[in-house]
Every structure is written in C-alpha cells, then in structure tokens.
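I have placed the structure first, in the form of structure tokens, so that the comments after it can refer back to it.
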Amino acid sequence: MRRRSLLISVPAGLVTLAACGSDKSDSGKTSDSASPAPSSSPSATATSAPPPPKIVSGPLPAITSGAKFGEKPTVAKGSGRPSKDLAVKTVIAGGGRTLAENDYVQAHYLGQIWDSAKVFDNSYDRKAPLLIQLAQGTIIDGWRYALTGKKVGSRVQFAVPPTWGYGTQGNSQAGIKGTDTLVFVVDVQDAFNAKSSAKGRTVQKKDAALPTVGTATDGSAPEITLPKTAAPKKLVSEYVIEGDGPAVKADSTVLVQYKGVLWDGGKEFDSTYGRKALTSFSLQQVVKGWAQGLTGKKVGSRVLIVIPPADGYGDNPPPDSGIKKDSTLVFSVDILAAM
C-alpha cells in the first residue's frame, strides 16, 4: 500500500497522525466477525487523555507561499516561543458542512516543527489526501480539537504543543522531540458521518435475476429485495447509483456505508447503518469478493455486490456471524471516499 501519512508507532497513551487499518466500531464484534473488513484499531488507550486544551488565536507563523486552498503551502519558521495552548486560525473559511467529533475527514495537510520549520510530513507531494476519523485513539488530539467546528472547504492552521501531539516522548522516527510544538496547515476537502450516502445518477437495473437495491440517499439503510431465483455462480458487481468520483484502485483504502444480507432467506448479518458508524479499510484486508467488486468503481457510488462462497467465506464462515457454510452474500455498498 502506498504511504498514507505518519504510520509510526508512539508510546501508549498517544496515537500517530493516521492509524493503519479500519475504524474500531465494527458492531462491537471481534476481528472474526462477519464484517468484510477486520478491525485493526490503535492500542493507544493505556493512559488517561489530557484535558481539552484552551484554544487561542496565536501566535502562528506566516504562510509565505501556496496561499490558495488545495495548494501546497510554505510556512515560515516560528518566531519566539509558541503558545502552551492550542493556537488555531481559519485562514480560508469554507461554506460546507460543519465538522463534528467522530466525523471522518478527507484533507490535504502539511506538518512542520515550530523551531526549525522542518517539514516532517505532507500529503500534497503524495497527491493523496488523508482520510481520518476525528476520534480519540485515531488521531492526535490537536487535530480533533482544532478541526471540530470548522467547515468543509476551510484552510485551517494550528500549532500543537506536545501535550496534544506526541507528548514528552516525541516521535524520534519523524524527528520530533518531546519539547517540539508542531505546526499544521490543513485543507478540509470533505467530511462524512453516519448519515452520509452515495450521490450520483440512478442506474436502471437490467437483470431481473439479481437483487434490487433501494436508491434513497437520506442516510437510511437501503432495502434489498431478493429474486426467487438461484444465486449466481460468479461474482456480481453493478452500479445502483453511479457517482462521479475517481475510480477505486486495488490498493485503495475506502470509507463506506454497507448492508449485508444472505441470498438464502434475506437475513441481514451486518450493517454500518445499524451501528450508526462508518467503516474504513484497505481493499487488501477484505474478502476477495469485496476487493474485486469495488476495484474500478467510482467514489460516490452505490454498488450491488453478490459474492459466491468461493469469493467470500466458503466453508469457513466467521463464528456466531449467522452465516452458514457456502453462503452467497449480498451487499449494498456506498463508496463515500477513497485514498
């Protein structure tokens, strides 16, 4: 998988800027659950979190070039001592949805050290925005507090003292000392929550022998109606709603809403809608049917995926999942974002 951001381990009680793997809310099940994407959430829960910071307006170093939203910025070296509080400034005010705690955010960003202006990470050069949840244990606290309440389309600059960054231990692999204040510039491109849905044009169903998936985009779970026919022997992946975003790649990490039912009987066995929590995972971590079914599909789409046993769980379904051996699985999947 291509490099996503600071995939660097840190001491217990802290987290990296972006954690590998999916979120930690897969219906409360273990990694052996019926979810197509096993959880691999951070283990940074051993120590108590610091209290919320006081948010102040500065000081913050000047942005000397790349002043437009979406452009890679150049940021001056910090002048004097940084604040011991969290300094936050909205450089460009967006007009989109307001970010809330636990939302997923898609953003470009640059991070550097206050004292030296050394850039330790940025997504602009990778040409791939970060996709991360604003949740404790998923991202450093400085990001959570600085971005909550901001709007999509905004450029936000903030300076994070060690308390709400990597702590007194720092992050030696990134060249960050335990005394370093970190400066970030973040361009918030999009945001998603449990009510997010596909958006695009409805695609007319052509094969009556396949399930029908509802097209409502109000954040509610779509109805899946099964035909009274035998299950297909080969993998099926078809648009229900076709979005206009970029095509998902075989090594992409995707953010999705989904619902899964059994072909035989139509029983629901897994759903992000029921959990009221989106799921993010790499296509390299899921069953073959999901990986092949989503690769090439456009972001923003709702996709019907019918997975025969050979491309799903076969004769070894997850324990207590409600899935019998050699079951054909039917999914409605909304591809909200990809990176």
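Every number in this text was worked out from the coordinates using simple rules, so none of it is lab data. These figures come from a predicted structure and were not determined experimentally. Heads up, the Cβs are rebuilt from the backbone with ideal geometry, glycines too, and the neighbour counts pull from every protein chain shown.
The computed Rg and Dmax of the Cα atoms in Å for the structure shown corresponds, within [x] 18.8, 67; [y] 19.9, 64; [z] 21.5, 73, to [z].
A helix-only calculation puts the chain at -1000 deg cm²/dmol for mean residue ellipticity at 222 nm, using -39500 (n - 2.57) for each DSSP H run of at least four residues, averaged over all residues. Considering amide H positions built from the backbone, and no H for Pro or chain starts, which residues 5 or more places from V75, or on another chain, come under 5 Å of its amide H? Answer set, sorted by chain and number: T64. Label-to-label distance, K249 versus A310, with points set 7 angstrom from Cα along the beta-carbon direction: 2.9 nm.
Express in nm, to one decimal, how much length is gained between S220 and K233 on full extension, taking 0.36 nm for each residue of separation and deducting their alpha carbon distance.
On the way: separation 13, 0.36 × 13 = 4.68 nm, distance 2.99 nm.
Stretched out fully, the S220 to K233 stretch lengthens by 1.7 nm.
When the range 201-338 is described by a simple charge dipole with +1 on each Lys and Arg Cβ and -1 on each Asp and Glu Cβ, the residue from I224, P317, A208 located farthest towards its positive end is A208. A cut-off of 5 Å between modelled amide H atoms, ignoring neighbours fewer than 5 places along the same chain, links V203 with I241, E242.
Whole-Hz Karplus values for the range 228-234 come out as 8, 9, 5, 5, x, 8, 10 Hz, taken residue by residue from phi with 6.51 cos²θ - 1.76 cosθ + 1.60 and θ = phi - 60°; glycine and proline positions read x. Which of the lysines could a cross-linker span from K324 if the Cα-Cα distance has to be under 21 Å and same-chain partners fewer than 8 positions apart are dropped? Answer for K324, where 21 Å is the Cα cut-off: K29, K228, K233, K234, K259, K267, K288, listed by chain and number. Over 31 Å apart at the Cα level, from the set K127/K195; K84/K276; K84/K199; K72/K297; K151/K205, are K84/K276; K84/K199; K151/K205. Counting only aspartates and glutamates at least 8 places from K206 when in the same chain, those with an alpha carbon closer than 19 Å to its own are E223, E238, E242.
Mind checking the dipole of the chain: about its Cα centre, +1 per Lys or Arg Cβ, -1 per Asp or Glu Cβ, Debye to the nearest 20? Walk me through the intermediate numbers first.
Numbers: 40 positive and 29 negative charges, 138 e Å.
Rounded to the nearest 20 debye, it is 660 debye.
Here the 3J(HN,Hα) profile of the range 95-110, calculated from phi with Karplus coefficients 6.51, -1.76 and 1.60 at θ = phi - 60°, is x, x, 5, 7, 6, 10, 3, 6, 5, 8, 10, 10, 7, 8, 7, 9 Hz, Gly and Pro shown as x.
Using θ = phi - 60° in the Karplus curve 6.51 cos²θ - 1.76 cosθ + 1.60, the 3J(HN,Hα) couplings for the range 189-206 round to 8, 7, 8, 9, 9, 5, 9, 6, 9, 4, 8, x, 9, 6, 9, 5, 5, 10 Hz; x is entered for Gly and Pro.
Using 1/(1 + (r/R0)^6) with R0 = 22 angstrom and r between the beta carbons of Q169 and K84, what's the FRET efficiency to the nearest 0.05? Before the final figure, lay out each step's value.
Details: r = 18 Å, r/R0 = 0.82.
It comes to 0.75.
Maximal additional length on extending the K195-A208 stretch stands at 1.7 nm, based on 0.36 nm per residue less the C-alpha distance.
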